[in-house]
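Just so it is clear, none of the values below were taken in a lab; they were calculated from the coordinates. Remember, it's a predicted structure, so these values are computed and weren't measured experimentally. Here the Cβ positions follow ideal geometry from the backbone for every residue, glycine too, while neighbour counts run over all protein chains shown.
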Ligand SMILES: Nc1ncnc2c1ncn2[C@@H]1O[C@H](COP(=O)(O)OP(=O)(O)OP(=O)(O)O)[C@@H](O)[C@H]1O
Ligand SMILES: O=P(O)(O)OC[C@H]1O[C@H](OP(=O)(O)OP(=O)(O)O)[C@H](O)[C@@H]1O
Ligand SMILES: [Mg+2]
């Protein structure tokens, strides 16, 4: 059986389970369940702390898992596991922050103390930037309070809306250290049975979420121009209409651009433009 790691709580848990359910896998109903066997699909799901998932997959105990890119880089098991796919949820940035007016660039942190829960990631980043003698202070959470309590001069933490920092009287400075989202990770090189099918199913969910189906009618002589607006994944489907001067076109388009594309098509002369959502797909 394929052994899959799923975040058991925190910011990624619900969305990860929703994505797996959408991909046709059975997920646990009770939050206390640690393992769920999906007999029909030949997959065993293990519900683990997202921070630990990189370790399980990196060591080869589990075949594939969902975690955060920031957590994966923090765990530094890159030699054992690799990112296969960004999943488009759990988006955040990892940023430096300090009480208003304290610092304006990362370079000013040389010789200072910076608190974080992501010390592996932060240590590595300071080294890569050539910023020396930074004392990285590890804290388990609630990092925003570290400066007020004088265990650090600045912090580095996950920022989603920025509300937590603002409420703590802190401001961000410097460029983001990294941009994160939930990712699928697996062991380098190995392809256990069933893994390709799971990846394909997840890719199907991503495409179904990111694309919609667009249908329209267009005069035959304008088809090339219309196809350039909606090229589809491979190429649009073109069907004849009873009126030989017109054709019907069907194409997948990015869901975020639907209205712009409809405007462009209408202005070109397309009519009966319909948009429908994609329930599931395999690309
Ligand atoms: N608003 C957010 N707060 C925290 N993590 C977020 C947020 N949005 C996205 N994430 C992502 O979720 C992951 C962190 O998950 P989680 O919150 O479970 O970890 P944790 O903070 O270490 O755990 P806990 O808060 O339970 O101690 C990271 O990959 C992070 O980038
Ligand atoms: O930018 P925002 O939308 O405000 O979200 C980011 C905050 O959320 C997380 O904290 P969490 O609730 O996980 O607590 P923790 O710090 O104890 O992990 C993270 O550590 C930030 O503090
Ligand atoms: Mg947290």
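Results, tabulated for the structure shown:
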quantity	calculated
Between 0 and 90°, nearest 10: helix 13-22 axis offset from the chain longest Cα axis	20 degrees
Cα→Cβ-extended label distance, 7 Å offset, between residue 28 and residue 243, nm	5.9 nm
In nm, spacing of pseudo-spin labels at residue 250 and residue 179 (7 Å Cα→C-beta vector)	3.4 nm
Relative contact order (%) - segment 134-283, alpha-carbon pairs under 8 angstrom, separation at least six	25 percent
The chain: relative contact order in percent, alpha carbon pairs under 8 Å with at least 6 residues between	19 percent
Förster radius 51 Å - calculated FRET efficiency between residue 164 and residue 264, Cβ distance, rounded to 0.05	0.80
Taking 94, 173, 89 and counting other C-beta atoms within 10 Å, the order from fewest to most	89, 173, 94
Helix 195-210 axis, angle to the chain major axis (alpha carbon atoms, nearest 10°)	70 degrees
Unit Cα scatterers, Debye sum, the chain: log10 I(q)/I(0) for q = 0.08, 0.11, 0.15 Å⁻¹	-0.49, -0.80, -1.05
Within segment 1-32, backbone nitrogen closer than 13 Å to the virtual label 7 Å beyond the Cα of residue 40 toward Cβ	21-27
Normalised per residue, the volume of the convex hull around the Cα set of segment 92-179 (Å³)	81 Å³
Ellipticity estimate at 222 nm from DSSP helix runs (n ≥ 4, -39,500 (n - 2.57)) divided over the chain, nearest 500	-8000 deg cm²/dmol
Residues 38, 245, 33 arranged by fewest to most Cβ contacts within 10 Å	245, 33, 38
Antiparallel DSSP beta bridges within the chain, as percent of all bridges there, nearest 5	75 percent
Computed label-point distance, nm, for sites residue 283 and residue 140 using a 7 Å Cα→Cβ extension	4.2 nm
Antiparallel %, DSSP beta bridges [both residues in segment 84-194], to 5	70 percent
Stretch gain in nm, segment residue 49-residue 119, where the contour uses 0.36 nm per residue and the Cα spacing is subtracted	23.5 nm
